[in-house]
Structure formats: structure tokens, C-alpha cells
Number of protein chains: 2
Amino acid sequence: MVSSPRIVPDSSAPLRLAIAGLGTVGAGTIRLLQEHGEQITARCGRPVEIAAVCARDRTRDRGCDLSGIPWFDDPVTMAREASVDVVVELIGGTDGPARDTVEVALAAGRSVVTANKALVALHGLDLAHAAEQAGVHLAYEAAVAGGIPIIKALREGLAANGVRRVFGVLNGTCNYILTTMQETGRGFDDVLSEAQRLGYAESDPSFDVDGIDTAHKLAILTSVAFGRPVDFSAVSIEGIRRIDAMDIAFADQLGYRIKLLGIAEETEHGVMQRVHPCLVPKDGAIASVDGVYNGVVIECDHAGRSMLEGRGAGAGPTASAVVADIMDLAAGRAAPTFGVPIKRLTHSPSAPIETLVGACYVRLMVVDKPGVFAEIAAALRDAQVSMESILQRGHDPGETVPVVMTLHATVEAAAMRALARIGSIDAVVEPPCLIRIEDV
Amino acid sequence: MVSSPRIVPDSSAPLRLAIAGLGTVGAGTIRLLQEHGEQITARCGRPVEIAAVCARDRTRDRGCDLSGIPWFDDPVTMAREASVDVVVELIGGTDGPARDTVEVALAAGRSVVTANKALVALHGLDLAHAAEQAGVHLAYEAAVAGGIPIIKALREGLAANGVRRVFGVLNGTCNYILTTMQETGRGFDDVLSEAQRLGYAESDPSFDVDGIDTAHKLAILTSVAFGRPVDFSAVSIEGIRRIDAMDIAFADQLGYRIKLLGIAEETEHGVMQRVHPCLVPKDGAIASVDGVYNGVVIECDHAGRSMLEGRGAGAGPTASAVVADIMDLAAGRAAPTFGVPIKRLTHSPSAPIETLVGACYVRLMVVDKPGVFAEIAAALRDAQVSMESILQRGHDPGETVPVVMTLHATVEAAAMRALARIGSIDAVVEPPCLIRIEDV
């Protein structure tokens, strides 16, 4: 049984917050709380009060009024000592002060609201244990898909359903890069540099472009959707660095867009979690999630298919989600961390990516000479992989030209065997580029 | 202050339900509760038990197991006498037994879950009063947009925001008819007859095609989004009967689709609620909400723009929403009826449709002869309405031909004056057909 919540909804005493981290999201959260204080009080049945804040630099102008709010220099000290009901962790980072702050807050019997996807994806189960033991709550709506209330939709709005599949565009940086490549025909490196100049990508972009951020979010969605312990290590991850402008153009000709998707689905081998670029039908809903928007599709047994789309990041959308969690705590509406008490999480098996069955797009860079197609076809036949189409783009004897194939639904392991052999053909001068085709 | 909820979340006693109405949705609700009983218990922290049912015909096979469940012949008696915590009203209808059942249940101190949009749109404020006085809850997620958790998204997920506009495709019957007209080029009457044969439209279709059902849902959305008393009488309503196959074709040529939208927005004159057919950009998200799907867009100050799309009706999606409400009650998570206690609802003014400012598409049926354009142009000039384009489709002297105009953003009242005069021109042989252009 869930232990009795410490926060009683009919109390008229303010809910007291300590906010750790006053960067973009922290300042946005304070502005939102101050701007809509009256509405928040009306909707929660009690006021929400910022009773402590913590950041390194006291002098910076953050565009919000911090006057009269007790200031701490150390978030862990604040989490331990401030007289508050809830600690809001907006520091970021998987370990270090963010994790320490959350652990100390929970141990001290304070609920925690965080926007920290890495922390929840990697240490979520331990933190949920700590919250349960202390009889408090850990909430993280802001960790996934910013302004879209996707955690609440899975945990409450669609909670009566069995989920079959949940997938989506979860990283605005990758989606901005792929959308811009699509719209301009420019290459990955060029568009990434521009995104860095515009502040849409970090100076070290690997968290985003290598798919890790998407995988953090997917691991969290999977836990809530399927009622399983969050398990980042079970996510197969591939980023978008090797997507060439050519692939975007060929995909377009074939009727597809390229999106980085996080996908979790029930298979006969267990729940499979994977992050990789996908060809998705141009006229489908997920193809139209463009730029910095996020979109999540939920397929379930009774409600059918739903899609939620909105801004995935930024001060406003993230603050909206942080404050929604705070309001649930204030109103006494908070749920168990992953939707059910820990002992009710199911330990069903995870399916490895090798068991995936699906269609693929493959691009080869091939020296244009007779006999190469025959070698490729033999490799596919021997691996029992069925080709749907093959097309050499351009004809220039002796030069390197792209060859694009689409493969019928095939087991991942077989496709990998065929591609390994194709990659070893002399005339194939680059490792084959495989992108999965998802019928979404 | 909200009175203390009667249902305590840490209780392990079952939440006891009485279900009134065993039609498609009632039977679907029972099937869902029975199929996912274990998951529902895990997520609520307590079991949900069907402790009474009521319908007229005891003998019908409803595809669900009713054995051992106490049966009532009269829903009002059940609402008064059954030993239950929650009455689920799935009878339907604005007055009569549905309303009586809900009133008696609330008066007897039982919470109510309903899928009845007409009841909530017309009597929601009185019922919310009754619920507050009894210290119980009235929940109606299933009343709007079926499987999409839109009430929860507005009331909780985006609750920290100020909403600027909320709009959407809210009626599957109209959307099916318009989508089919678009795809096949067929006329309204023809497609309506087919929809009736297929069971997508009622034998008396006026509730759907005249926009009333959409207006019920919009009135509810408006109340939750803007924190105002639900006010169906303030909704300006126009249906889709006069949309001609020609209009769909002309709209397509101009880059638009035609959708029946419900729109609520803040204007300088107050909150305006309107239901009418709209030209929407083909490549926008709302244009791609096709067939029996519903889609709702929320524009708010911090989270920006979000869209939720999913199945709007049917046993599964509606049951999903009904059971989500039941689970919130079981878990002690229920909120005030319209998001805030009644005394915190704001009584801001409602803006009449005459103050609407927007662009329009206008189709005239005109006898093809010299001088007609000049008369039309003069009427527009005198009403100070600015034309963007005018195009006569076809040239056939002496015969009736369509003339299509688009008007720049103009005050509704001025457009109406201009159209009244244009309609009185001899050569204009039918009342002008005006369809608003929405930049959504």
C-alpha cells in the first residue's frame, strides 16, 4: 500500500518550496510562480511559497524578483536545513550536487520535483525507494518532453489501458538539425555548427546528437507506460551523426522523412527500448513534428492511438511542467513515482535489439562497375534477407556512386550479417548506412 | 477552501461503483474494469469494485460478465440506495433520468463520473455546486474528446499557465463527413446518408451536424481552460449542412481544408466561444486530424502551443476516460469540478461573435453578366471590408456560376452588412456562403 501522503489537500497553509538551481529553468519557474500566484492558489486550494533558493552567483540578474527569499550557497545544505515541504532540483547532471540534493531532501522527508532526465533515468528506482520509505513524492514531468504533460497522461489519463507501444520525437536539438537538413539540403556538420551558434545545440553536442538524451527520456516513459523499473541500460542507442544530406534526399524521394525516434514496445521477447534515426511516412503525424517541437504517440488497447505534441524545451515549457508537479503536491494529488508502488512494478524481460523485426533503408557507396549488384544480392540471399528495391543513383563507371536499397521486414540480426558481408565487398568503399523504416 | 475529500487514498477498502446505463460505453467500461482489474488496483492503491448496475433490459448480451452484480431497474433508486462511493452515469440526455440520477447521487454524498457532455454543458454549474456542498466530486473526462485526456491536461498538466486560446476538432461525425467529402468529392447529403448507414451518424443527425455537440464540448473546455462558469448559452453555433462539395474543392485550390472547429479565445471584449466551419491551412496540424479522430490545440503563455490528438468516441476510448476518472477518485486525486472551487471561478465578460475579427472565404452564386463585380465591390467598399481576391470560376454568359472571394481580416459585423447587401443584388441568386479562415 502507498503510505499516507504527508501533504493534506484541505490544509490552507502554504506549500513551501526550496529551489536549487537558478539557470534558465529555475528563473522561469520563479517567474511563473510569481506571475500566476493567484491562479495557482485557486487551483491548489492553498498558496505556493518560495521559501528558499540556491545558486552559485548571487549577483546575476535572472529577470525574476528574489528579494526577501532566503538564499543558500549549497543546495545540499538547503535540502537538509531549509524549512520547506518540497525541494525543486534544477541543477542538472547525473551525479554530483543534483543527486546529493535529491537524496538528502528525500531522506529529510521532503518531496522532490526535478527536471533532471539523466538523474531519473539512471537513479530513478533508488530515488523512488527513498521517496517511498520517507512517505514523500518524487515528481519529474519536466524531465520528458517539456511542456507536454506526457507523464501525467500515461500515469493517470490513460492509466486504465494496457500500453502496446509508445514512441516519439523527444530531442529538440536533433529534430531541429534534421528538419533544417530537410528544408535546406545542407549537411549535418554545417547545420550542427549553426545550431550551436544559435544556442539550439551545446558546444559539446554528444548528449543530444548521439541519442543519449532521447534514451534517458525513453527509459522514463517506458517505466511509466509499462509499469516496469526504469532501466536505461536496456535502451539500444544510435544517434544522428551519420545521417547524410543524401539520405534525407533519398528518403524524400521514397516518401519518407528522417526523424530520431525513441521507441518502446511490447514484443514476443519482452519490452524493447530503442533510439535510432527512422524513415517515417511523410504524411504521418510524427513526420510533421518539426523544429524544436516534441511529439509522443501512445498506442494502447482501449483508447487506441493518441498523440501529444508541444514544445520540448525552453524556460517556459519546462517551468510549466515543474509548476504542474508542484501544484499536484500542493493539492495532495501526487502519485507513486512510476505510477505504482515499487513492489507492484513488473519485472518482465527486456527484448534485445537483435530480435527486432522491421524494414530498412540501406545506402551503400559503391565503385560503379559490373558485377557489384550480383555480389550484394548474393549476400542478402545467403542471410535470407529479402530486398524490396535497389537503385543506383547516377552512373559514372569507375567512380563511387550511392546505391540505395529497401529491405522487407527482416530480423535485425540477419540484416546485420548481410550488411557485414556487403561491407567487405571490395567495390563497397564505406560501411553501409542502415536506417530503419518505421510504419508510424 | 475545498472541503476535505471523502475518499481517502491510503484506504485499502475497494472503491465501490454503481454503473447506470449499459449501452456501448457502459459495457465497455465494465469490460475494461474487469480486464485490467489488477493494474487498476496497483495504480490506485486499492481495488475498484462494481457493486451495482442498472439498465432497462436484463436479458441483452452486452459482451461483459454481469453475474453476481446487484441489478437495479431504476437508476435514481440505485443512486439513492446502493451502497457505493461513486455513481457512474452513462445514460445520456440533458434532462430526465440522467440528470435525476446525478442529482440524487450527489445529494446522497456519492461522487459522480459521467460521459454526458450535454448534462455538464447545460447544468454543470448547478451540479458542481451540489458536489461541493456534499463534499464529493463530479468528473467528466469522457464528455470531451473521448480517449484524449484533455480535461486533465487543462486542469492539471497545464494548470500553471494562462490559456490564450483553445480550439479543436471535437465531433467525429462531422469530421468523418468533411474528410470523406474532401477525399471523394461527394456532396454533404450523400456522405451523410452513408455515414448513417455505417453507424457513424445518428438517424437524427442534427446534434452532430448542426454543431450542438461540438458546442457542448467547447463550453466545458472553456470553463476549465479559463476558470469561468460553464456557459453553453454564450457559444455561437453554426453547423456544416451548407458546406457544398464546391467549397471543399475551392478551399483545396486556395491551400485549405474545411473543418468544423470549436474555438474559445481571449479577446479584448472578453472570452469568445464559437463553433463553425473553418478554412484551415492544409499543412497545419489541425488539417491532418482526419476521419473519426479528434484534435485539440491549447495555446498558453508559458508552455506555448500543445496539441492532443486521439479517438474521440467509441466504447474503448470513452471507457478509458471514464475509468481514468474512477481511478482518480479511488486514488484520492480528484480535483474541483471546473479546476477551482466555484467561488474562485471568474465572471469575466463573454465576447459576442459580432466582435470577431477575421479573414473569410465567401462563395456567391452569380448570373454571369457584365457589371456584377462592380456591384459586389461597391457593397464591400461601403461596408469598409477589404477584399484579398475575387475569382469567377468558369465563364458562361447568362448562366449561374460560382464566384469565390477571400476577404482580409474584418470585423464580423461589417462583413455581415456587406454580405446582406451583396445577397440582395439581383444577379446573386443564392444567399452568400461565408466560411471563416482561421490561421491555426
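The values are calculated or read from the model by the stated rules, or taken from the named source; none is laboratory data. Please read these numbers as outputs of a predicted model, since none were measured by experiment. Positions of Cβ are backbone-derived with ideal geometry, glycine not excepted, and every protein chain shown enters the neighbour counts.
Below, the figures for the structure above:
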item	result
First in segment A:162-188 and on the phi > 0 side of the Ramachandran plot and among the hydroxyl-bearing types (Ser, Thr, Tyr), second anywhere and at pLDDT below 95 and part of a loop (DSSP other than H, G, I, E, B), Cβ under 9 Å, 6 or more apart	none
Some residue of segment B:360-382 being within 32 Å of the chain's Cα centre (by Cα), within 14 Å of another protein chain (Cβ to nearest Cβ) and either part of a loop (DSSP other than H, G, I, E, B) or not charged (D, E, K, R) (or both)	no
Subset of segment A:158-175 that is under 9 Å from the mean Cα position of the chain (by Cα) and not in a loop (DSSP other than H, G, I, E, B) - its residue that is surrounded by the most Cβ atoms within 10 Å (Cβ to Cβ)	A:Gly168
Lone qualifier among B:Arg257, B:Arg305 - being assigned to a strand (DSSP E or B), free of Cβ contacts under 8 Å to residues at least 60 places away in the same chain and closer than 17 Å to B:Glu438 by Cβ	B:Arg305
Any chance B:Asn116 is touching a Leu at 6+ places or on another chain (Cβ under 7 Å), more than 14 Å from chain A (Cβ to nearest Cβ) and of a type outside the set (Asp, Glu)	no
Identity of the residue in segment A:321-354, modelled with pLDDT of 95 or more, small (Gly, Ala, Ser) and more than 18 Å from B:Arg46 (Cβ to Cβ), that ends up surrounded by the most Cβ atoms within 10 Å (Cβ to Cβ)	A:Ala321
Residue satisfying condition, being modelled with pLDDT under 95 and either surrounded by fewer than 19 Cβ atoms within 10 Å (Cβ to Cβ) or facing chain B (nearest Cβ under 9 Å) (or both), within set A:Gly37, A:Gly68	A:Gly68
Count of segment B:78-102 residues which are out of contact with any helix residue (DSSP H, G or I) (no Cβ under 6 Å at 6 or more places or on another chain), under 23 Å from B:Gly135 (Cβ atoms) and surrounded by fewer than 18 Cβ atoms within 10 Å (Cβ to Cβ)	2
Some residue of segment A:298-309 being polar (S, T, N, Q), out of contact with any Gly (no Cβ under 6 Å at 6 or more places or on another chain) and either surrounded by fewer than 23 Cβ atoms within 10 Å (Cβ to Cβ) or within 13 Å of chain B (Cβ to nearest Cβ) (or both)	no
Subset tally (residues that are in a helix (DSSP H, G or I) and out of contact with any strand residue (DSSP E or B) (no Cβ under 6 Å at 6 or more places or on another chain)) for segment B:225-237	2
Options A:Arg257, A:Arg242; residue that is away from chain B (no Cβ under 14 Å) and of a type in the set (Lys, Arg)	A:Arg242
Residue match in segment A:136-145 (condition: modelled with pLDDT of 95 or more, surrounded by fewer than 20 Cβ atoms within 10 Å (Cβ to Cβ) and either at negative phi or under 13 Å from the mean Cα position of the chain (by Cα) (or both))	no
Residue match in segment A:311-320 (condition: at pLDDT 95 or above, part of a strand (DSSP E or B), buried (at least 22 other Cβ atoms within 10 Å of the Cβ) and within 14 Å of another protein chain (Cβ to nearest Cβ))	yes
Residue within segment B:199-206 that is part of a helix (DSSP H, G or I) and surrounded by fewer than 18 Cβ atoms within 10 Å (Cβ to Cβ) present	yes
Residues of segment B:321-331 that turn out to be in contact with a Ser or Thr (Cβ under 9 Å, 6 or more places away or on another chain) and within 7 Å of chain A (Cβ to nearest Cβ), as a count	1
Candidate set: segment B:45-64, residues that are in contact with a Phe, Trp or Tyr (Cβ under 7 Å, 6 or more places away or on another chain) and hydrophobic (A, V, I, L, M, F, W, C); chosen: the one surrounded by the fewest Cβ atoms within 10 Å (Cβ to Cβ)	B:Ala52
Close pairs from segment A:91-114: first under 22 Å from A:Ala27 (Cα atoms), partner acidic (Asp, Glu) and assigned to a loop (DSSP other than H, G, I, E, B), Cβ under 7 Å, at least 6 apart	A:Arg110/A:Asp85; A:Ser111/A:Asp85
All positions within segment B:40-65 that are acidic (Asp, Glu) and either touching a helix residue (DSSP H, G or I) at 6+ places or on another chain (Cβ under 9 Å) or modelled with pLDDT of 95 or more (or both)	B:Glu49, B:Asp65
Segment A:105-132, residues that are over 18 Å from A:Ala20 (Cα atoms) and touching an Asp or Glu at 6+ places or on another chain (Cβ under 7 Å)	A:Ala130
Some residue of segment A:343-358 being closer than 23 Å to B:Ser306 by Cα and within 9 Å of chain B (Cβ to nearest Cβ)	no
Matching residues, segment A:402-440, being out of contact with any Ser or Thr (no Cβ under 9 Å at 6 or more places or on another chain), among the acidic types (Asp, Glu) and crowded, with 18+ Cβ neighbours inside 10 Å	A:Glu438
Residue in segment A:18-32 that is over 30 Å from the mean Cα position of the chain (by Cα) and either within 14 Å of chain B (Cβ to nearest Cβ) or over 18 Å from A:Ile326 (Cβ atoms) (or both) present	no
Residues being among the charged types (D, E, K, R) and surrounded by 24 or more Cβ atoms within 10 Å (Cβ to Cβ) - total across segment A:106-127	2
Positions within segment B:387-412 being in contact with a helix residue (DSSP H, G or I) (Cβ under 9 Å, 6 or more places away or on another chain) and of a type in the set (A, V, I, L, M), in sequence order	B:Met387, B:Ile390, B:Leu391, B:Val403, B:Val404, B:Met405, B:Leu407, B:Val411
Unique residue being under 30 Å from A:Thr406 (Cβ atoms) and touching a residue at least 24 places away in the same chain (Cβ under 8 Å) when the list is A:Gly291, A:Gly314, A:Gly310, A:Gly339	A:Gly291
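Conditions tested, residue by residue: (1) in contact with a Cys (Cβ under 9 Å, 6 or more places away or on another chain); (2) within 14 Å of chain A (Cβ to nearest Cβ).
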{"position": "B:Tyr140", "(1), (2)": "no, yes"}
{"position": "B:Ile150", "(1), (2)": "no, yes"}
{"position": "B:Ala159", "(1), (2)": "yes, yes"}
{"position": "B:Arg164", "(1), (2)": "yes, yes"}
{"position": "B:Ser193", "(1), (2)": "no, no"}
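One line per residue, one yes/no per condition, for (1) farther than 24 Å from B:Leu90 by Cα; (2) under 13 Å from the mean Cα position of the chain (by Cα); (3) part of a loop (DSSP other than H, G, I, E, B):
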residue: B:Lys217; (1), (2), (3): no, yes, no
residue: B:Leu221; (1), (2), (3): no, yes, no
residue: B:Gly239; (1), (2), (3): yes, yes, yes
residue: B:Arg242; (1), (2), (3): yes, no, yes
residue: B:Asp252; (1), (2), (3): yes, no, no
residue: B:Val275; (1), (2), (3): yes, yes, no
residue: B:Asp283; (1), (2), (3): yes, no, yes
residue: B:Gly295; (1), (2), (3): no, yes, no
